[in-house]
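Reading through the structure tokens given below for one structure.
Readers should treat all values here as calculations from the given coordinates under stated rules, not as data from a laboratory. Just so you know, these numbers come straight off a predicted model, no measurement behind them. Cβ placement follows ideal geometry from the backbone for every residue including glycine, while neighbour counts extend to all protein chains displayed.
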Amino acid sequence: MPTELIAIKEDITAMPLDAIVNSANRRLLGGGGVDGAIHRTAGEELYQECLTLSGCMEGEARITKGYRLPAKWVIHTVGPIYGNENGHEADMLRSCYMMSLYLAVDHNVKNIAFPNISTGVYGYPIEEAAQIAVDAVKEFIAEEKHQLEKIYFVSFTDEDLEIYQNLLK
Ligand code: APR
């Protein structure tokens with residue numbers, strides 16, 4: 001069965017999926033934006049498990065349980081800060097999607113949601129970031145052995161949603 005790519009506008013912390021992806025920072029101990037929302041909803045146990053992970057580099061991903069979130073797993077990835085990575089931003093952002101999907105496949109995840117990684121505090125222009133996100137996901141599902149059934153691109157604004165809907169047409 002082909003993997004379905006879906007653009008939606010939603011609060012990712014409310015999604016009862018196998019996994020949601022968190023747009024975190026290298027310390028993995030929470031922050032603002034979607035990171036803050038995920039930690040607030042998941043509760044203290046998420047923070048405690050993150051303490052055992054000893055951080056994460058840009059472009060890499062780590063997995064934890066979801067605790068009080070409706071999602072079973074949280075895959076934490078660290079996106080590039082736009083303009084701060086010596087021109088490697090696009091490769092790092094692509095790697096966030098790829099590494100998150102490798103972890104998802106290792107944990108038999110069938111449905112997963114990504115926020116718009118790096119497009120908030122980290123300043124990545126949404127059009128560029130969305131193109132990288134969709135290209136990376138399409139490359140992964142075409143080239144890797146996996147059991148992924150649904151992959152959600154979750155926007156928090158109508159503008160972002162429209163960008164993803166146009167890319168997925
Ligand atoms: N559900 C879905 N998307 C959300 C939610 C939510 N509950 N809250 C915010 N977003 C969206 C933002 O609107 C933005 O489009 O997630 C996208 C990513 O924005 P940020 O959360 O600011 O993440 P990012 O730009 O990757 O910066 C990461 O910010 O919060 C800190 O600790 C985090 O240092 C890290 C940095």
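Summing charges over all other residues whose Cβ lies under 14 Å from the Cβ of TYR102, with Lys and Arg as +1 and Asp and Glu as -1, gives -2.
With only Lys, Arg, Asp and Glu charged, each at its Cβ (+1 for the first two, -1 for the last two), find how big the charge dipole of segment 87-147 is about the Cα centre; round to the nearest 20 debye. Walk me through the numbers on the way to the answer.
Details: 4 positive and 9 negative charges, 55 e Å.
Dipole of segment 87-147, to the nearest 20 debye: 260 debye.
With neighbour counts taken as other beta-carbon atoms within 10 Å, the residues CYS50, CYS96, CYS56 rank, fewest first, as CYS56, CYS50, CYS96.
What share of the DSSP beta bridges in segment 20-163 is antiparallel, in percent to the nearest 5?
Numbers: 5 of 15 bridges.
So the antiparallel bridges in segment 20-163 amount to around 35 percent.
Net charge near ASN84: determine it from the other residues with C-beta under 14 Å of the C-beta of ASN84, scoring Lys and Arg +1 and Asp and Glu -1.
Working: positive: ARG26; negative: GLU58, GLU85, GLU89, ASP91.
In short, -3.
Can you tell me how segment 58-169 classifies by the Cα gyration tensor, rounded, prolate or oblate, using a/c under 1.5 as the rounded cut? Rounded shape, in that the Cα axes give a/c under 1.5. In this structure, the amide hydrogen of ASN22, modeled 1.01 Å from its nitrogen in the peptide plane, lies closer than 5 angstrom to those of ILE75, HIS76, THR77, counting only residues at least 5 positions away or on a different chain.
Can you tell me, using C-alpha contacts under 8 Å and at least 6 residues apart, the relative contact order of the chain as a whole percent? Before the final figure, lay out the partial values.
Working: 332 pairs, mean separation 52.4, N = 169.
Once divided by the residue count of the chain, the mean separation gives 31 percent.
Please arrange TYR97, TYR164 by how many other C-beta atoms lie within 10 Å of their C-beta, fewest to most. Don't skip to the end; give the middle numbers.
On the way: TYR97 27, TYR164 24.
Ascending number of Cβ neighbours within 10 Å: TYR164, TYR97.
Pairs from the list LYS145/LYS169; LYS72/LYS138; LYS65/LYS138; LYS9/LYS169; LYS9/LYS65 with a Cα-Cα gap above 21 Å: LYS145/LYS169; LYS72/LYS138; LYS65/LYS138; LYS9/LYS65.
Treating only the Cβ atoms of Lys and Arg (+1) and Asp and Glu (-1) as charged, compute the dipole magnitude of segment 1-83 about its Cα centre; round to the nearest 20 debye.
Numbers: 8 positive and 10 negative charges, 27 e Å.
It comes to approximately 140 debye.
The HN-Hα couplings worked out from phi for segment 106-120 by the Karplus form 6.51 cos²θ - 1.76 cosθ + 1.60 (θ = phi - 60°) are 4, 9, 6, 6, 9, 9, 8, 10, 10, x, 7, 3, 6, 8, x Hz, whole numbers, x standing for Gly and Pro. Shape annotation for segment 9-110: C-alpha extents along the principal axes are 38, 30, 27 Å, from largest to smallest. Hey, which aspartates and glutamates would be in cross-link range of LYS110, C-alpha to C-alpha under 15 Å, not counting anything within fewer than 8 residues on its own chain? Straight-distance partners of LYS110: GLU4, ASP18, GLU144, GLU149.
How high is the FRET efficiency from GLU127 to THR157, r the C-beta distance, R0 22 Å, rounded to 0.05? Mind showing how you got there, number by number?
On the way: r = 13 Å, r/R0 = 0.60.
In this case the efficiency is close to 0.95.
DSSP assigns beta bridges within segment 1-80; of those with both partners inside it, close to 45 percent run antiparallel.
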